[in-house]
Amino acid sequence: KQARALRNILVVSEISLALLLLMGAGLFVRSLNRLSAVSLGFSDDHILVADLQVPPPSAAPADAHRNMDFYDNTLRELHSLPGVRSVAAASTLPVSGQGAVIHFNIQGRPPRNGSEYIMANYRTISAEYFQTLRIPLLQGRWIESTDRENTPPIVVINEAMVKTYFPNENPIGKKMQIGATPDNSVPWMIIVGVVGNVMQSLVADMPTEFYV
């Protein structure tokens with residue numbers, strides 16, 4: 001009798017575990033279906049990604065120029081390969097859960113105190129980044145290869161940033177600056193374009209974000 005009771009307990013336990021596994025698998029499949037229906041804001045079709053580790057530049061301007069030359073030459077070589085339509089580089093990729101969040105301020109709207117400091121995601125990119133990932137241009141223009149260190153600083157912002165900080169107004173031509181409060185030693189960047197929102201994490205809302 002004890003052996004039969006033990007077998008019955010084991011059978012019930014196995015059935016319970018099987019049911020739990022089936023429920024877990026069903027929830028997992030449903031979650032995958034929901035994720036596949038989420039619009040990421042870009043296309044990953046026919047995209048090849050490579051992570052290039054470049055030593056961070058020192059304070060010497062020559063180091064910064066050497067790294068810039070490395071990226072320029074690498075992008076140029078990749079662009080020349082047969083079948084390659086566009087090539088771009090970025091500090092961090094979408095949906096990586098990574099990237100910098102930084103304070104910024106808008107010209108003519110200095111914060112009165114710390115409670116008015118504003119922040120947004122910050123991403124450095126090369127020309128053709130938006131075109132490569134097919135991120136839509138909603139207004140203005142892209143970042144172009146002619147936007148260099150010796151030209152006026154420009155910035156492209158996303159749609160979420162427009163709705164949050166420029167509601168009911170045209171952001172093109174307005175200026176913003178990195179840093180919580182205005183600083184005469186920091187250049188003002190001219191907003192030249194607005195692009196679509198891009199998911200940077202599958203567990204967070206669309207962030208306010210700007211690209212330089």
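The values are calculated or read from the model by the stated rules, or taken from the named source; none is laboratory data. Just so it is clear, the structure is predicted and the values come from calculations on it, not from any experiment. For neighbour counting, all protein chains shown are included, and Cβ atoms are generated from backbone atoms with ideal geometry for every residue, glycine included. Heavy atoms of the whole protein, side chains included, go into the accessibility calculation; ligands, DNA and RNA do not. Shrake-Rupley method; radii C 1.70, N 1.55, O 1.52, S 1.80 Å.
Odds and ends about this structure:
- Inter-site label distance for Asp183 and Ser96 at 7 Å from Cα along Cβ, in nm: 2.4
- Largest first, the residues Ser39, Ser96 sort by 1.4 Å accessible area into Ser39, Ser96.
- Across all Cα atoms of region 142-212, the radius of gyration (one decimal) and Dmax (whole number) stand at 13.1, 39 Å.
- For region 67-121, the extents of the C-alpha atoms along the principal axes are 54, 25, 20 Å, listed from largest to smallest.
- Kirkwood Rh in Å, taken over region 110-188 so that all alpha-carbon pairs contribute: 14.5
- Descending by average beta-carbon neighbour count within 10 Å, the peptides 153-163, 167-177 line up as 153-163, 167-177, the highest first.
- Ellipsoid semi-axes in whole angstrom, largest first, where each is sqrt(5λ) of the Cα gyration tensor of region 73-212: 27, 17, 14
- Length released on extending from Asp69 to Arg134, taking residue separation times 0.36 nm less the Cα-Cα span: 20.8 nm
- Protection proxy ranking for 108-116, 40-48, using the average of other Cβ atoms within 10 Å per residue and placing the highest first: 40-48, 108-116.
- The peptide list 71-78, 136-143, put in order of mean Cβ contacts within 10 Å with the highest first, becomes 136-143, 71-78.
- Formal net charge of residues neighbouring Ile154 (Cβ-Cβ distance under 12 Å; K, R +1; D, E -1): +1
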